[in-house]
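The values are calculated or read from the model by the stated rules, or taken from the named source; none is laboratory data. What you are looking at is a predicted structure, and each value in this text was computed from that prediction instead of being measured. Using ideal geometry, Cβ is built from the backbone for each residue, glycine included, and neighbour counts are taken over all protein chains shown. The accessibility values were calculated without ligands, DNA or RNA, using every heavy atom of the protein model including side chains. Shrake-Rupley method; radii C 1.70, N 1.55, O 1.52, S 1.80 Å.
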Amino acid sequence: MEEMEVKILDIDLEKIRQIMDKNSIPLIKKEDQINNIYDFEDKSLLKNKGYARIREVHNLLTDNKEYYMTVKRMLSQEIFKRMEESETTIASGEEGKKIFKALGLVPVEVIRKYRESYKYKNTLIEIDINSPEIYPHPYLEIETISKEEFYEVLDLLGYTEKDTTSKTIYEILKEKNIKSPLPEGI
């Protein structure tokens, strides 16, 4: 699947939640995530703006645990970061890690975050709060397949295209002179 996404950095968390509530935009996910990033020894995936991931999710709405195996590759980075993503549900994080290891992938980084996801038509509006050593402020990710919906969401939230970035979290940290524990490319 191909997705288009942008980030809006350093948001007012309560203001965004109030906008969602006022406009009856449903909360569809509330979760704690552990994102285990994998690559080959030579970091060839990250060097080409891609990665492999095992995501362990604690769904706070249902108290269930879910596990996903994902491979992503950046297609372009203009207004939107366009990513090609392949993802599947797996039985456990350990099974996914064994598969990646058998393919020659090695663990690179572990990223912990809290995420709230809201659904506006076919667009996801996600509030991400990373562990402070990754990124110290809450931000939004808007994932869409429709430019029209993208601009509707920006208008609804009181932002413009100038408030968005298609940069990776690593590029953002580098730009803000924040020492990153992440490997280059993420």
Seminar exercise, completed: Taking protein heavy atoms only, a 1.4 Å probe, and rounding to whole percent, the accessible area of the stretch 58-147 owed to carbon and sulfur comes out at 52
For this session: Could you please state, rounded to a whole Å, how far the C-alpha centre of the stretch 24-69 is from the C-alpha centre of the stretch 72-111?
Result: 8
Exercise. When N is the residue count of the stretch 35-96, what does its C-alpha Rg come to as a fraction of 2.2 N^0.38 Å?
Worked result: 1.28
Problem set entry | Ratio Rg/Rh [Cα only; Rh per Kirkwood] for the chain | 0.95
Problem set entry | Lys, Arg +1 and Asp, Glu -1 on Cβ, resulting dipole of the chain about Cα centre, debye, nearest 20 | 340
Seminar exercise, completed: Here the stretch 36-53 yields Karplus 3J(HN,Hα) values (6.51, -1.76, 1.60; θ = phi - 60°; whole Hz; Gly and Pro given as x) of 9, 8, 10, 7, 6, 3, 7, 6, 5, 5, 5, 4, 9, 6, x, 6, 10, 9
Problem set entry | Per-residue [θ]222 nm for the chain (sum of -39500 (n - 2.57) over DSSP H runs n ≥ 4, rounded to 500) | -6000 deg cm²/dmol
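For the chain, what is the relative contact order in percent, using Cα pairs closer than 8 Å and at least 6 residues apart in sequence?
29
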